[in-house]
1. Evaluate the relative contact order of region C:1-155 (contact order divided by residue number), counting alpha-carbon pairs under 8 angstrom at least 6 apart; express in whole percent.
2. Shape of region C:52-157 from its Cα gyration tensor (a ≥ b ≥ c, root eigenvalues): rounded if a/c is under 1.5, otherwise prolate when a/b > b/c, or oblate?
3. Under 26 Å Cα to Cα from residue D:122, which lysines show up? Leave out anything in the same chain fewer than 8 places away.
4. Rounded to the nearest 10 degrees, what's the angle between the helix D:80-94 long axis and the longest principal axis of chain D, both from Cα atoms, 0 to 90?
5. Starting from a label point 7 Å past Cα on the Cβ side, list the distances from residue D:99 to the same position in the other copies, nm, shortest first.
6. Using r as the Cβ-Cβ distance of residue A:47 and residue C:96, and R0 as 25 Å, what FRET efficiency do you calculate, to the nearest 0.05?
7. Short version: what are the Cα gyration tensor semi-axes of region C:3-207, square root of 5 times each eigenvalue, largest first, in whole Å?
8. Carbon-plus-sulfur fraction of the accessible area of region D:3-207, 1.4 Å probe, in percent?
Amino acid sequence: MTVGLVIVSHSAKLAEGVAELAQQMAPEVLIAPAGGTADGELGTDYDRVCAALDRVDRGGGVVLLYDLGSAQMIAELAVEGHSGAGEAFVVEAPLVEGAVAAAVAAQSGADIDGVSRAASSAAEAP
Amino acid sequence: MTVGLVIVSHSAKLAEGVAELAQQMAPEVLIAPAGGTADGELGTDYDRVCAALDRVDRGGGVVLLYDLGSAQMIAELAVEGHSGAGEAFVVEAPLVEGAVAAAVAAQSGADIDGVSRAASSAAEAP
Amino acid sequence: MTCTTETLVAAVRGLAGVVAEHRTELIDLDRAIGDADHGENLNRGFTAVLSALDSSTPDSPSAMLKLVATTLISKVGGASGPLLGTAFLRAATATAGQSELDGAAVAAALKAALDGVVARGKAEVGDKTMVDVLAPAVQAATEAAGESVAAVLAAAASAAEQGAESTIPLVARKGRASYLGERSAGHLDPGARSTALLLRSLANSAGAR
Amino acid sequence: MTCTTETLVAAVRGLAGVVAEHRTELIDLDRAIGDADHGENLNRGFTAVLSALDSSTPDSPSAMLKLVATTLISKVGGASGPLLGTAFLRAATATAGQSELDGAAVAAALKAALDGVVARGKAEVGDKTMVDVLAPAVQAATEAAGESVAAVLAAAASAAEQGAESTIPLVARKGRASYLGERSAGHLDPGARSTALLLRSLANSAGAR
Ligand SMILES: Nc1ncnc2c1ncn2[C@@H]1O[C@H](COP(=O)(O)OP(=O)(O)O)[C@@H](O)[C@H]1O
Ligand SMILES: Nc1ncnc2c1ncn2[C@@H]1O[C@H](COP(=O)(O)OP(=O)(O)O)[C@@H](O)[C@H]1O
Ligand SMILES: [Mg+2]
Ligand SMILES: [Mg+2]
Ligand SMILES: [Mg+2]
Ligand SMILES: [Mg+2]
């Protein structure tokens, strides 16, 4: 039961790009991008975040990362409304660096606390 | 002469997404994405970075941000080979957070040192 | 006069009208210290609230407030979505089970809304956000809680307008404007302005009855 | 025997052959502690070097080294591109103006290459990178500098192979593998392996003459 990741961003491209970058280092981890609004604008989309959260929740828990403060708030609302198999946390971390570190930790079997810690302690690229 | 920005990433989408997110807060700043390889794979592309650097160099200098270590090295090589109008620096900063902070600083007329400082002191989203 | 489901539905329609009317103004305020979308965000959200009212009829003030909350959370797309969404959600919880709201209930709902915004966004008074409007509005509403709904909301709206003005000299410490640092001073916060407009609209709706 | 432009061009063609032959092995090594592209990266780079040799003929060892450098920098697409690119660039500078390289010149070029990799990537011996191969190779080459090019390169290649093996127990502190922390131990570093393969290929080319 690996931990899943959700990338919450104002930009669809940004979320997808972060997901593909992290996926490369963690081929078996479920990583869902949730970026942009339903009509293709820059902004966050609560329903998209909830759907992404459901998609990657396999019981091992889900860690959500975000770009700006409003994405953080939408992610927290999605977590509060989530009644899935595992726990879900929004972590405070640099988005790109945190996502890669979290994905690598999840790939190696870390639990949700380990994955969250990997994300939040990710500094700049080594 | 505002400072320009180059976003160096392994992913074309990631670079474009960061650029569009930062552009929203800084409509007059030149921000060039340089992501992915010429054949559309994940990876860095030196020629693409050089072209982006040339494109945003208007004499006020250029700040380059990157996702992972190899992007940093390619960015530094591009800077070493650059003979443009202004100076160019590669800054160590969280990519998304640093780009937004750098763009806002550049938009408000900061010089290349000010823009670099804004990027490297960008922590998580406020 | 108390606030019934019917009067609250009418008041919410009024909010949508005010937001549409001030859409450009709010966009311009957000352009100066943000990303120029606040008016569009709120207008998208309240337009969706009107659509939701076309297809469903809330059966209590609390249900009306909850409908606004979930719609704003889903549709706004910016910080004001989760913030105002949480505000309306907490107000819905605070008024649950009541078919009519008196002045005290309205004051309590406003207090719950403020607490929700603070819990969600972690802003304090002085951070140049909608909290600078909601906090004095709640204080004024609480002091007037023994009076009519119209009086409570009128007191809240006046305090809100002063609160909005108070954001002008402030340096933003939360939200996008905080990226600007000192350069955010000298501008009216868009979320503060819209929150004051919403409260004035509610007060007008209550006063007109 | 010294190293001329002609023998160096032949040796570079040999490097491209070795990289193509070990492409899958290098990909597999990189899958374990990286992103599974090192073999593909180097193969793309050296295939481009062969193409470049089809259309231009370097007129000195330095020009040949510079052609490899610029091609790898442009085409590799991963960390090994700027690193090996800088290595070849520094070797080109170190050999500038010489039409033939003796053992001492080759040893000096290897030393310049190592310095370039360290300047570019900031790795030290023990960080589980190609530096763990280049550093002992340079030491051995420097000690053999009075001998023939073949002897210098043979010494470098043997030290390089030991250096590559030495990366297996190490915990990576640079590059992608550093994301794995302790879990990077127990794996041969792909860049260390490829660097040793390149040096052995150069030694074989020199020894065969
Ligand atoms: N953390 C916060 N706490 C309280 N209010 C906030 C916070 N962040 C932003 N705001 C309010 O939200 C307003 C901006 O809303 P909007 O433009 O819709 O969102 P965004 O900034 O995501 O584009 C600001 O003017 C401010 O009043
Ligand atoms: N900072 C560095 N210094 C020295 N060598 C490095 C550094 N970073 C990576 N390497 C080397 O590069 C190799 C990986 O190359 P490659 O797979 O082509 O690049 P990437 O990691 O960008 O996919 C590693 O095995 C290591 O030997
Ligand atoms: Mg906005
Ligand atoms: Mg916005
Ligand atoms: Mg690799
Ligand atoms: Mg790679």
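1. Numbers: 240 pairs, mean separation 33.1, N = 155.
Computed value for region C:1-155: 21 percent relative contact order.
2. Numbers: a/c = 2.14, a/b = 1.03, b/c = 2.08.
Note, shape of region C:52-157 comes out oblate.
3. D:66, D:75, D:111, D:174
4. 30
5. 10.8
6. Values: r = 25 Å, r/R0 = 0.98.
Efficiency computed from Cβ-Cβ geometry: 0.55.
7. Numbers: eigenvalues 133, 71, 39 Å².
Ellipsoid semi-axes (Å, largest first): 26, 19, 14.
8. 55
The values are calculated or read from the model by the stated rules, or taken from the named source; none is laboratory data. Nothing here was measured: the structure is a model prediction, and the numbers come from that model. Methodologically, a virtual Cβ is constructed for each residue, glycine included, from the backbone with ideal geometry; neighbour enumeration extends over all protein chains shown. Accessible surface areas use protein heavy atoms only, side chains included; no ligands, DNA or RNA. Shrake-Rupley method; radii C 1.70, N 1.55, O 1.52, S 1.80 Å.
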